[in-house]
Amino acid sequence: MGKKKFFRKSTAILMTASLAAAALAGCGNSKDSGGGSSDNGGDKETTIHIRVMNEFKNIEKVVSKYEELTADDPVLSKIKLDFSFVAGGDYKDKLNMAVTAQEDYDLMFCGSWHGLTDFVQDGAFADLSGYFNNSEYPGLEAAFSDTFTEAMKTYVKQEDGSYKEGIYGINLASYYEDTRGIMYREDLRQKYNCAPITDEDSLMAFVQKVAENEPDMVGLSMYNFFRMDSPWYSAKHDNVYTQDNVNLFGDQTWIYVGLSEDGKTVQNAVVAGDPEEEFAKMPEGYQYDFITEYTVERTKWNPYMFEDRANADAVAPNAAATYCVLSGYESAVKTAQEAVPGSEYGFYVIDDSQRNMEEGSVICDMVTNNWLVVPEWSEKKDQVMAFLDWMFGTQEAHDLFQYGIEGEDWEAVGEDGYKAGPVSEEEKYTMPDYSFTLNPTFIRQSEFVLNNGEIKQRVDYEYAESTYQLSPLAGFVFDSSEVETQIANISALSNELQLTMSMYDADEAVEKINTWHAEAEKVGLEEVRQELISQLQAFLDYKYAE
């Protein structure tokens, strides 16, 4: 069969959402929608070539176990597996080469930052729609909920303005968004008889007390992801949204989009330093420069932070409290306890609604950045999906590729826990799970989580679908072709700021914002604003078309 070349385009418009318009005609079990025949390749033995990002180890014993478990299966016994990996730093270049040359891969990892949008727009990856919600693939049907499957749907804008719907990748995730929080020294809280840390005031009192009494420590350690005192999460409940897919200038100068109460109309898009008339168009409660206000509010933490925190080469002192995400808490605690034996830790969640574990508190795209894709040129799509149907079909099969051989690489703890097995590090199987196996249905928790009741509650809450709501802007992708130069120039100005690390006092922060805004206006801020609003409105018009 002849090869179809896939060339990368400089821009693309791609929409992925779970609450989009009704499915287009032809998205059933047809050949075009990725539905394969039930025999998955017949009697012929086939090897599927799989490439993941970052190193795995000792995979041979896992593949052998797979072959043992499927030896009597008339289909899977004939599907052989060949794995390879590429280090993360080289992966994007290698992926581009694989697509251009149509290299012999049948299943690959692709991150959103690798250009997933453009690859799908260019037709490089197969539409897998027909394999989901399909009784011929019961493993996939059981492992991926309707909500999860809907969130993987993609709408690709065609040249004539119509849209093509499909599932062009399998999202690798066990939760939709990590919980941002503060890891704090519980032993010091008790030592200084501070109140339990339940809100920002009690956190501040603790940080102050330690800073006053521990001369070799700082109160708070934060880095360039400083969402303290910002409406990143809370404003979405009031129809004011900022998220990665509209954050054109980077983290220093977020764009906030105001929508009508029904989520169908863009009222405005604002940035810090905008004049009153721009904020006046925003939803009620946000009709003033709330972005600058929160930036100024954040400066109250400055006296308790490391003064030289902007210097990447500086060695910061130990801190009473440190920014931490929930998924990294276990590792951070173990590392910290090695450095400070006897220290104890607690976890404080930054956002109020998440801290109170309210249902629907996190409004987001409900997809992560990590995907498995099947190249369009592969002639083994049915076999690939038959294998994935098996791997995602049972806890036993999923555990095999996620953790390795039970009793060697890992051991079960109860029904949903695990711990390290007795095998040596040299012989242990490892797989970068974010690159191949993560799934929202088959989840095991570590002994660390199981033995910490509060952390287990928070992890369970993070895994629960009921924690999330789909953002009206989910799936929007900005086409920068008309304002590419303006965005580059404004982003260059933004990159000179240090707002997210709170490196300025209140007055200086306001001055920096105002200076940035004045310069950004000169290089096209208003043009970008109007282009963003126009594209967002077109997106919403399609998404909510009757």
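Residues in region 198-217 that are in a helix (DSSP H, G or I) and crowded, with 18+ Cβ neighbours inside 10 Å: how many? Even if it seems obvious, please write down each step before you answer.
First, pick out the residues of region 198-217 that are in a helix (DSSP H, G or I): 200-213.
After this cut, where a residue has to be crowded, with 18+ Cβ neighbours inside 10 Å as well, the list is 203, 206-207, 209-211.
The qualifying residues number 6.
When you go through (1) outside any loop (DSSP other than H, G, I, E, B); (2) under 26 Å from TRP390 (Cα atoms); (3) in contact (Cβ under 8 Å) with a residue 60 or more places away in the chain one by one for THR149, which number turns out not to apply?
(3)
Of the conditions (1) in contact (Cβ under 8 Å) with a residue 60 or more places away in the chain; (2) in contact with a strand residue (DSSP E or B) (Cβ under 6 Å, 6 or more places away or on another chain); (3) farther than 19 Å from GLY475 by Cβ, SER234 satisfies every one except a single condition; which number is it?
It is condition (2) that SER234 fails.
Assuming ASP262 fulfils every condition listed in (1) more than 19 Å from TRP516 (Cα to Cα); (2) free of Cβ contacts under 8 Å to residues at least 40 places away in the same chain; (3) surrounded by 20 or more Cβ atoms within 10 Å (Cβ to Cβ) apart from one, which condition is it?
Going through the list (1) more than 19 Å from TRP516 (Cα to Cα); (2) free of Cβ contacts under 8 Å to residues at least 40 places away in the same chain; (3) surrounded by 20 or more Cβ atoms within 10 Å (Cβ to Cβ), ASP262 breaks only (3).
Can you tell me which of TYR91, TYR131, TYR137, TYR168 is aromatic (Phe, Trp, Tyr), farther than 27 Å from PHE539 by Cα, crowded, with 21+ Cβ neighbours inside 10 Å and touching a Leu at 6+ places or on another chain (Cβ under 8 Å)? Give the steps one after another, and end with the answer.
Numbers: TYR91 fails: touching a Leu at 6+ places or on another chain (Cβ under 8 Å); TYR137 fails: touching a Leu at 6+ places or on another chain (Cβ under 8 Å); TYR168 fails: farther than 27 Å from PHE539 by Cα.
Within the list TYR91, TYR131, TYR137, TYR168, the selection yields TYR131.
From the list ALA124, ALA101, exactly one residue is farther than 22 Å from MET366 by Cβ and touching an Asp or Glu at 6+ places or on another chain (Cβ under 7 Å). Which is it?
After applying the criteria, what remains is ALA124.
What pairs come up if the first residue lies in region 530-542 and is in contact (Cβ under 8 Å) with a residue 40 or more places away in the chain, the second is surrounded by 16 or more Cβ atoms within 10 Å (Cβ to Cβ) and of a type outside the set (Phe, Trp, Tyr), and their beta carbons are under 6 Å apart, counting only those six or more places apart or on different chains?
GLU531/VAL483; LEU532/ALA269; ILE533/VAL266; ILE533/ALA269; LEU536/VAL266; GLN537/VAL266
Output yes when any residue across region 494-504 is assigned to a helix (DSSP H, G or I), surrounded by 15 or more Cβ atoms within 10 Å (Cβ to Cβ) and touching a residue at least 40 places away in the same chain (Cβ under 8 Å), and no when none is. Lay out the reasoning, then the answer.
Taking region 494-504 first, the residues assigned to a helix (DSSP H, G or I) are 494-495.
Imposing the further condition that a residue be surrounded by 15 or more Cβ atoms within 10 Å (Cβ to Cβ) reduces the set to 494.
Pick out the ones that are also touching a residue at least 40 places away in the same chain (Cβ under 8 Å) and you get 494.
Looking for residues that are assigned to a helix (DSSP H, G or I), surrounded by 15 or more Cβ atoms within 10 Å (Cβ to Cβ) and touching a residue at least 40 places away in the same chain (Cβ under 8 Å), one finds at least one in region 494-504, hence yes.
Tell me yes or no: at least one residue of region 228-236 is hydroxyl-bearing (Ser, Thr, Tyr), over 29 Å from VAL483 (Cα atoms) and outside any loop (DSSP other than H, G, I, E, B).
The answer is yes, given that some residue of region 228-236 is hydroxyl-bearing (Ser, Thr, Tyr), over 29 Å from VAL483 (Cα atoms) and outside any loop (DSSP other than H, G, I, E, B).
Could you check, for region 67-87, whether at least one of its residues is over 28 Å from the mean Cα position of the chain (by Cα), at pLDDT 50 or above and among the polar types (S, T, N, Q)?
Scanning region 67-87 turns up at least one residue that is over 28 Å from the mean Cα position of the chain (by Cα), at pLDDT 50 or above and among the polar types (S, T, N, Q).
Residues in region 171-180: is at least one outside any loop (DSSP other than H, G, I, E, B) and more than 30 Å from ALA492 (Cβ to Cβ)? First the steps, then the outcome.
Our first condition is that a residue be outside any loop (DSSP other than H, G, I, E, B); within region 171-180, this holds for 171, 180.
From what's left, more than 30 Å from ALA492 (Cβ to Cβ): 171.
Within region 171-180, one or more residues are outside any loop (DSSP other than H, G, I, E, B) and more than 30 Å from ALA492 (Cβ to Cβ).
Could you give every pair whose Cβ atoms fall below 8 Å, whose first residue belongs to region 197-225 and is closer than 15 Å to ASN318 by Cα and assigned by TED's automatic domain parsing to the domain that holds SER494, and whose second residue is assigned to a loop (DSSP other than H, G, I, E, B) and basic (Lys, Arg), counting only separations of at least 6 or pairs across chains?
Going by the 8 Å Cβ cut-off, the qualifying pairs are SER221/ARG309; MET222/ARG309; TYR223/ARG309.
Among ALA310, ALA336, ALA269, which is more than 21 Å from the chain's Cα centre (by Cα) and surrounded by fewer than 17 Cβ atoms within 10 Å (Cβ to Cβ)?
On the way: ALA336 fails: surrounded by fewer than 17 Cβ atoms within 10 Å (Cβ to Cβ); ALA269 fails: surrounded by fewer than 17 Cβ atoms within 10 Å (Cβ to Cβ).
After ruling out the rest, the residue left standing is ALA310.
The values are calculated or read from the model by the stated rules, or taken from the named source; none is laboratory data. All of these numbers come straight from a predicted model, not from anything done at the bench. Virtual Cβ from ideal backbone geometry, glycine too; neighbours counted across all protein chains shown.
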